[in-house]
Ligand SMILES: Cc1cc2nc3c(=O)[nH]c(=O)nc-3n(C[C@H](O)[C@H](O)[C@H](O)COP(=O)(O)OP(=O)(O)OC[C@H]3O[C@@H](n4cnc5c(N)ncnc54)[C@H](O)[C@@H]3O)c2cc1C
Ligand code: SF4
C-alpha cells in the first residue's frame, strides 16, 4: 500500500485544519505536515459562515463580558477554564488573521469594525460583510500556500485511525481520484473534520458535514461529548434551509408572527425594542436556543405563517434601507431573491429554525488533546467545551482559530516529549484490515439496503424525535430505530463498484459516520432528563443542576448502543444562574 | 406547488468502463423552484446512484459545482430550472480534463494559484512594525475587495477562449487573485507577483474577450483585473526603459 510518512497529519482542511497546519509550519519548518481533506480546502464548509467571529477589541468591552456571555449563553455547561483561554486568545487570533490580509470590514478611521450578535452584551463580532467565513477560509488557504512543509492531499477521504499500544499511529484514506487506499503514518494526528448537521434533513450544513471526523475518533475509543446539544439557527430559508445570518438581526432586522407581532417579547426576551435600534442581548438579539424555542411555541399556538415548505415567521429588514442591506448584507439579499423570490429591501422574508451546529463532538481537554495519546481535535468536530449547551453565534469561527492553533502546539509538545513511532507491522496490519473492510463494502453483493434509503430513514427519525423539543417516547423510539439502522447498514449494497471518484461508496461511508453520530445524539438526549440550552425536554422542563451539571460522554460499542458516562463541568468563577435576556434589567 | 417533468442529458464518463464520454438521458419530475443541482441530487438519490459530481454548500460560496449547463459555464446551485424551458444538457466544465462524469481535474488551476503568491507579503520595514492590526480605510478596502470574492469555481476558465487555446495561460481568476494582493494597502509583494502576472503566460495572453467577467457568478470582474494589471505593467515598462531616472 502506498504510504506517506509525516510528523503530524491533519484530517480536514477547513478553518481549523488550515490554522493548525500554519501553526505547525511556523513553529518548526522542518516538521513534515500532511494536510488531508475530502474536498479541496476552499470547499470546506467554513466558507459558508456569514456573520463573523467574536473577539474583544473595542474599548467599551472586556474579557469578563465575553466570558459571562459565553458561559451564560451555554447555560453553564461550558468548561470555564477553556472559556478563559478562548476569550484571551480570541483577539490575538483575529488580529493575526488581519495581518495575514483578511479583508475585515472597517470603521472610517481604518480600524476593524465590529457588529452586534445574539447573546452578546457588547459589539465584538468582527466581520467581512456577510461572507466572514469565506474570507477567513480563503485567507488561511492562500496563506498556507507559502509554507512548503505543508503537503496537501486534496480529495483524500480518511477512513480509519491506526493505533499501536494505545497510541495513535496514523490513518488510512482513499485517494478519490484512483480509489486506492493510502496509509498515512504519523505520530500525531489532528482531526478537524467539521460538524454533522447532515444527520438532519433540514440544515444549513453543506453536503460534506457528515460527522466523519467525530466517527473516526469515536470508533477508536475516544468518547463523543455533549452530543445531545444540537443548535437550531432561527432564520433559515424554508425552501432550502439556506442560512440568513444572525447579522440580519444584529443590523436591526426584526422577527414577527402572522399578526405582525414581535413575539419574542412574549418569551422572556422583551420588552420590545425600538424598530431599527437593536438592543444587545434582548429581543431579536437573544440567544439562538431561546429564539428557536419561541418559534416552536408560537407554531403550537397557530401564530405562524403556513408556506409550502412548512410554517414560517417573517424576518423584516425593510427599515434598514437598500444602502445598508447592500453594504452589510449583500449575500443575504442575493440568496433571498434567488432561493425565495423575496427581496428583503421591499418585503419581509419568511424564515424558520434550521439545524445549524453541533455543540458536541470529540472529547478534548483544554489543550485540544483527546484521551487517546497522539490524537488531537479542533473545530466543530471537537468539544473542548466552550459552547456548553448553546453556542453563541460568532464564537465558532474564533474557536477554529484558537483551538486549531492550540492543537498544533499540543501536537508539537507531544512529539517533543519523545513519542515513539509505531512499528511497521502494526501499521501494515491495521491498514490492510482497513482496506479489507473497504473492499468488502465495495464488492458486496446480495445486500438489500441502499444508501439513500437508510439515509432518508435516519434523517426522518432525527427530525421527528430529536428536534427543538424532545420527549422520552420520541427519543426512545429514535434510539431503537437508529440501532436498527446501524444493523441494516451492514446489508448495504452499492450500485457503483468502480474505483474512480466513486461517490456511491463515499456516501455510504459518510452514512456510516452519520449513523454513529446520530445514535450518540439520541442516546445522550434520552439520558439527559432535564432541559438546558438547546436540549429541551417537554417531560423535564427545568434545568437540573444537581444531576446534570455534567458533560455527557458517549462511548462507542461496535455491536451495541453506546455507553453513556458523565464528567463534571469545570466551574472556576461563575456559578450557574438565571439566563436573563429581558432588556429591562440594565 | 409546481412540478414538471424535465429532460436532462448528462455527460457520463467512467474511465474504468467507458472508451469515450457519452450522454445519458434522465427524465425526472422536478419542483418548479429547483436548481439544476437539486435535480442532480434527485437523480443520484432516486434514479442513478452511479452519477458523480461535486457539490457542497448549495449557496454559491464553496465553488464546487461548476459545470456546463446548456453549453454555458454555471454553478449548478444557481441555475434555476425555471430559466430552462426545454431539455437541459449538463456537461463537465469545458477546458478541463474529465476525471469522471461531471468531475474535472483541477490540478492546473490549483498549481497556478500558488504561483502568484496569493498571500500578504509585508512591505519592507512594516513587517516587524508591531503585532497590532494594520489600519485600512474603507476606501482602501474597496480598491481590492471585489477581487477577494473569487470562489475559485473556474467558470471563467471554461469561458475563456485563450485558456482553451493556450493551456499555459495562468487565466482570469488567478490574475484577479494576484491583483487582489497587489491592490491591498497592507501588501508589498507586487514586484514578486509581477514575475508571474506579467510573464509570457500572464496577462499578455489575454486578448480581452471579456467572457470571464460575463460568466463570473460573484461579479469579481476578472477582466477588469487583467486590464488593470496590463496598464500597470505597461507603466512599469515605461518607467524602467524610458524614464530610468525615476528608479533611482
Ligand atoms: C451557513 C453557516 C453559517 C455560519 N456562520 C457562522 C458565523 O457567522 N460565525 C461563526 O462563528 N460560526 C458560523 N458557523 C459555524 C462555523 O462556520 C463552523 O462551525 C466552522 O466553519 C467549522 O469549521 P471546521 O474547520 O471545524 O470544519 P469545516 O470547515 O467544515 O471543514 C471540515 C474539513 O474536514 C474535512 N473532512 C471531513 N471528513 C473528512 C474525511 N473523512 N476525510 C478527509 N477529510 C475530511 C473536509 O474536507 C473539510 O476540509 C456557520 C455555519 C454554517 C453552516
Ligand atoms: S473569477 Fe469568478 S468565475 Fe472566475 S473562478 Fe473566481 S468566482 Fe469563479
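The values are calculated or read from the model by the stated rules, or taken from the named source; none is laboratory data. Owing to the predicted nature of the structure, the values given are computational and were not obtained by experimental measurement. Reconstructed Cβ throughout: ideal geometry from the backbone, glycine too, with neighbour counts over all protein chains shown.
With the condition kept exactly as written, say whether any residue in region B:159-172 is touching a strand residue (DSSP E or B) at 6+ places or on another chain (Cβ under 9 Å), more than 13 Å from chain A (Cβ to nearest Cβ) and over 20 Å from residue A:154 (Cβ atoms). The answer is yes, given that some residue of region B:159-172 is touching a strand residue (DSSP E or B) at 6+ places or on another chain (Cβ under 9 Å), more than 13 Å from chain A (Cβ to nearest Cβ) and over 20 Å from residue A:154 (Cβ atoms).
Please verify whether region A:447-459 includes one or more residues that are modelled with pLDDT of 95 or more, within 30 Å of residue A:493 (Cα to Cα) and within 16 Å of ligand 1 (Cβ to nearest atom). Within region A:447-459, one or more residues are modelled with pLDDT of 95 or more, within 30 Å of residue A:493 (Cα to Cα) and within 16 Å of ligand 1 (Cβ to nearest atom).
Can you pull out every residue in region A:489-514 that is touching a residue at least 60 places away in the same chain (Cβ under 8 Å), assigned to a helix (DSSP H, G or I) and over 12 Å from residue A:454 (Cβ atoms)?
A:505, A:506, A:509, A:513
Of all residues in region B:52-64, those that are on the phi > 0 side of the Ramachandran plot and more than 7 Å from chain A (Cβ to nearest Cβ) have Cβ atoms under 7 Å from Cβ atoms of residues that are surrounded by fewer than 24 Cβ atoms within 10 Å (Cβ to Cβ) and not in a loop (DSSP other than H, G, I, E, B), 6 or more apart or on another chain, in B:60/B:78. The lone criterion from (1) within 12 Å of chain A (Cβ to nearest Cβ); (2) closer than 19 Å to residue A:503 by Cα; (3) within 27 Å of the chain's Cα centre (by Cα) left unmet by residue B:18 is number (3).
Is there a residue being within 16 Å of ligand 2 (Cβ to nearest atom), out of contact with any helix residue (DSSP H, G or I) (no Cβ under 8 Å at 6 or more places or on another chain) and either under 30 Å from residue A:551 (Cα atoms) or in a helix (DSSP H, G or I) (or both) anywhere in region A:46-67? For region A:46-67, residues within 16 Å of ligand 2 (Cβ to nearest atom), out of contact with any helix residue (DSSP H, G or I) (no Cβ under 8 Å at 6 or more places or on another chain) and either under 30 Å from residue A:551 (Cα atoms) or in a helix (DSSP H, G or I) (or both): absent. Within region A:412-426, restricting attention to residues that are within 31 Å of the chain's Cα centre (by Cα) and part of a helix (DSSP H, G or I), the residue that is surrounded by the fewest Cβ atoms within 10 Å (Cβ to Cβ) is A:416.
Given the condition within 16 Å of ligand 2 (Cβ to nearest atom) and either facing chain A (nearest Cβ under 9 Å) or more than 22 Å from residue B:203 (Cβ to Cβ) (or both), answer yes or no: does some residue in region B:133-147 qualify? Explain how you work it out, then say what you get.
In the first step, residues of region B:133-147 are kept if they are within 16 Å of ligand 2 (Cβ to nearest atom); the result is B:144-147.
Filter once more, keeping what is either facing chain A (nearest Cβ under 9 Å) or more than 22 Å from residue B:203 (Cβ to Cβ) (or both): B:144-145.
Among the residues of region B:133-147, at least one is within 16 Å of ligand 2 (Cβ to nearest atom) and either facing chain A (nearest Cβ under 9 Å) or more than 22 Å from residue B:203 (Cβ to Cβ) (or both), which makes the answer yes.
Looking only at region B:1-20, count how many residues are touching a residue at least 12 places away in the same chain (Cβ under 8 Å) and in a loop (DSSP other than H, G, I, E, B). Write out each step before concluding.
Keep residues of region B:1-20 that are touching a residue at least 12 places away in the same chain (Cβ under 8 Å), which gives B:1-15.
Of the ones still in play, those that are also in a loop (DSSP other than H, G, I, E, B) are B:1-2, B:13-15.
Residues flagged as touching a residue at least 12 places away in the same chain (Cβ under 8 Å) and in a loop (DSSP other than H, G, I, E, B) within region B:1-20 amount to 5.
Run down B:161, B:222, B:217 and say which single residue is surrounded by 24 or more Cβ atoms within 10 Å (Cβ to Cβ) and within 16 Å of ligand 2 (Cβ to nearest atom). Before the answer, list the steps.
Working: B:161 fails: surrounded by 24 or more Cβ atoms within 10 Å (Cβ to Cβ); B:217 fails: surrounded by 24 or more Cβ atoms within 10 Å (Cβ to Cβ).
Just a single option satisfies the conditions, and that option is B:222.
In summary, residue A:155 fulfils each of the numbered conditions (1) more than 10 Å from chain B (Cβ to nearest Cβ); (2) at positive phi with the single exception of condition (1).
Which condition from (1) over 29 Å from residue A:238 (Cβ atoms); (2) within 16 Å of ligand 2 (Cβ to nearest atom) is the one that residue B:15 breaks? Tallying (1) over 29 Å from residue A:238 (Cβ atoms); (2) within 16 Å of ligand 2 (Cβ to nearest atom), residue B:15 fails exactly one: (2).
For residue A:256, indicate whether it is more than 30 Å from residue A:508 (Cα to Cα) and either in contact with a strand residue (DSSP E or B) (Cβ under 9 Å, 6 or more places away or on another chain) or within 11 Å of ligand 1 (Cβ to nearest atom) (or both).
Working: more than 30 Å from residue A:508 (Cα to Cα): yes; either in contact with a strand residue (DSSP E or B) (Cβ under 9 Å, 6 or more places away or on another chain) or within 11 Å of ligand 1 (Cβ to nearest atom) (or both): yes.
Against the criterion (more than 30 Å from residue A:508 (Cα to Cα) and either in contact with a strand residue (DSSP E or B) (Cβ under 9 Å, 6 or more places away or on another chain) or within 11 Å of ligand 1 (Cβ to nearest atom) (or both)), residue A:256 qualifies.
A search for C-beta distances below 8 Å between a residue of region A:44-62 that is at the interface with chain B (Cβ under 10 Å from one of its Cβ atoms) and over 30 Å from residue A:156 (Cβ atoms) and any residue that is in a loop (DSSP other than H, G, I, E, B) and away from ligand 2 (no atom under 16 Å from the Cβ), counting only pairs 6+ apart in sequence or on different chains, returns A:57/A:124.
Just so you know, in region A:272-288 the residues that are touching a strand residue (DSSP E or B) at 6+ places or on another chain (Cβ under 7 Å) and part of a helix (DSSP H, G or I) include one that is farthest from residue A:72 (Cα to Cα), and it is A:284.
Would you check which residues across region B:18-34 are within 14 Å of residue B:87 (Cα to Cα) and surrounded by 18 or more Cβ atoms within 10 Å (Cβ to Cβ) and list them? Break it down stepwise before answering.
Kept after step one, since they are within 14 Å of residue B:87 (Cα to Cα), are these residues of region B:18-34: B:23-30.
Selection gives B:26, B:30.
As a summary of the residue check, residue B:234 satisfies the conditions (1) within 16 Å of ligand 1 (Cβ to nearest atom); (2) farther than 25 Å from residue B:56 by Cα except for the one numbered (1). Here residue B:115 meets each of (1) crowded, with 23+ Cβ neighbours inside 10 Å; (2) out of contact with any strand residue (DSSP E or B) (no Cβ under 6 Å at 6 or more places or on another chain); (3) touching a residue at least 40 places away in the same chain (Cβ under 8 Å); (4) at the interface with chain A (Cβ under 10 Å from one of its Cβ atoms) with one exception, condition (1). Applying the selection to region B:65-91, what residues are at the interface with chain A (Cβ under 10 Å from one of its Cβ atoms) and in a strand (DSSP E or B)? Residue satisfying the conditions is B:80 alone.
Restricting A:531, A:574, A:513, A:561 to those that are touching a helix residue (DSSP H, G or I) at 6+ places or on another chain (Cβ under 6 Å) and within 21 Å of residue A:73 (Cβ to Cβ) reduces the list to A:574. Filter region A:120-144 down to residues that are in a loop (DSSP other than H, G, I, E, B) and over 18 Å from the mean Cα position of the chain (by Cα), then give me how many there are. Residues in region A:120-144 being in a loop (DSSP other than H, G, I, E, B) and over 18 Å from the mean Cα position of the chain (by Cα): 9 in total.
Applying the condition of being farther than 15 Å from residue A:38 by Cα and in contact with a strand residue (DSSP E or B) (Cβ under 8 Å, 6 or more places away or on another chain) to region A:489-505 and asking which residue is nearest to the other protein chains (Cβ to nearest Cβ) yields A:499.
For (1) more than 14 Å from chain B (Cβ to nearest Cβ); (2) touching a helix residue (DSSP H, G or I) at 6+ places or on another chain (Cβ under 9 Å); (3) under 29 Å from residue A:479 (Cα atoms), each residue gets a yes or a no:
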{"residue": "A:202", "(1), (2), (3)": "no, yes, yes"}
{"residue": "A:217", "(1), (2), (3)": "yes, no, yes"}
{"residue": "A:221", "(1), (2), (3)": "yes, no, yes"}
{"residue": "A:224", "(1), (2), (3)": "yes, yes, yes"}
{"residue": "A:259", "(1), (2), (3)": "yes, no, no"}
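Can you confirm whether region A:385-394 contains a residue that is closer than 16 Å to residue A:17 by Cβ and either within 16 Å of ligand 2 (Cβ to nearest atom) or surrounded by 24 or more Cβ atoms within 10 Å (Cβ to Cβ) (or both)? Before you say what the answer is, go through the steps one by one.
Filtering region A:385-394 down to residues closer than 16 Å to residue A:17 by Cβ leaves none.
Within region A:385-394, not a single residue is closer than 16 Å to residue A:17 by Cβ and either within 16 Å of ligand 2 (Cβ to nearest atom) or surrounded by 24 or more Cβ atoms within 10 Å (Cβ to Cβ) (or both).
Looking at B:25, B:94, which one is more than 25 Å from residue A:155 (Cα to Cα) and either more than 10 Å from chain A (Cβ to nearest Cβ) or part of a loop (DSSP other than H, G, I, E, B) (or both)?
Details: B:94 fails: more than 25 Å from residue A:155 (Cα to Cα).
The conditions single out B:25.
Mind checking whether some residue in region A:17-37 is within 16 Å of ligand 2 (Cβ to nearest atom), more than 27 Å from residue B:132 (Cα to Cα) and in contact (Cβ under 8 Å) with a residue 12 or more places away in the chain? No, because not a single residue in region A:17-37 is within 16 Å of ligand 2 (Cβ to nearest atom), more than 27 Å from residue B:132 (Cα to Cα) and in contact (Cβ under 8 Å) with a residue 12 or more places away in the chain.
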